[in-house]
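The values are calculated or read from the model by the stated rules, or taken from the named source; none is laboratory data. Bear in mind the structure is a predicted one, so any value in this text is a computation, not a measurement. Neighbour counts are summed over all protein chains in view; Cβ atoms, including those assigned to glycine, are modelled from backbone coordinates with ideal geometry.
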Amino acid sequence: MTSELTAEFYENLSQIIAKTVSGELQWKVINPTTFIYDGPSAKIALQEVPQGPGNIYFFEVIDSSGRKQLEISGVGSTETNKRLRELFFSIRNYKDAKGLAFLKKIIE
């Protein structure tokens, strides 16, 4: 990806993170290492894969007919992997906070 396209992707990721943190984007937990946003016209998948001493993150955008429109991974790019990790933990933290709020309602 060119540096211009990479910058655009990072900007898009920042917007996705902000919308995740605000609760605007609702992600489904497929398993502990995979999240899916199932929007009206597309799906976004984010997966964490253990590799060596750390983890690698994979990001896919799939259109409504099931075709991959974008596939990006953190393989070979520390910065991309770091930003995908930030999205992953934004989703996880939002889910944890919602779960704890639910638990609090139960025990009050």
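If you take the residues of segment 1-29 that are in a strand (DSSP E or B) and in contact (Cβ under 8 Å) with a residue 12 or more places away in the chain, which of them is surrounded by the fewest Cβ atoms within 10 Å (Cβ to Cβ)?
Val29
Within segment 73-89, track down each residue that is over 27 Å from Ser22 (Cα atoms) and not aliphatic (A, V, I, L, M).
Within segment 73-89, Gly76, Ser77 qualify.
Can you find a residue that is closer than 19 Å to Leu25 by Cβ, at pLDDT 95 or above and assigned to a strand (DSSP E or B) anywhere in segment 72-82?
Taking every residue of segment 72-82 in turn, at least one turns out to be closer than 19 Å to Leu25 by Cβ, at pLDDT 95 or above and assigned to a strand (DSSP E or B).
Quick check on my filter: what residues within segment 30-51 are among the polar types (S, T, N, Q) and surrounded by fewer than 14 Cβ atoms within 10 Å (Cβ to Cβ)?
Asn31, Ser41, Gln51 - these are the residues of segment 30-51 that are among the polar types (S, T, N, Q) and surrounded by fewer than 14 Cβ atoms within 10 Å (Cβ to Cβ).
Quick one: is Ile91 under 19 Å from Phe9 (Cα atoms), β-branched (Val, Ile, Thr) and either touching a residue at least 60 places away in the same chain (Cβ under 8 Å) or touching a Ser or Thr at 6+ places or on another chain (Cβ under 9 Å) (or both)?
Considered against the rule, which asks whether it is under 19 Å from Phe9 (Cα atoms), β-branched (Val, Ile, Thr) and either touching a residue at least 60 places away in the same chain (Cβ under 8 Å) or touching a Ser or Thr at 6+ places or on another chain (Cβ under 9 Å) (or both), Ile91 comes out as yes.
Do we find that Ile107 is more than 10 Å from the chain's Cα centre (by Cα) and within 19 Å of Phe9 (Cβ to Cβ) in this structure?
Considered against the rule, which asks whether it is more than 10 Å from the chain's Cα centre (by Cα) and within 19 Å of Phe9 (Cβ to Cβ), Ile107 comes out as no.
Would you mention how many residues in segment 39-72 are over 12 Å from the mean Cα position of the chain (by Cα) and closer than 19 Å to Lys19 by Cβ?
Residues meeting the conditions: 7.
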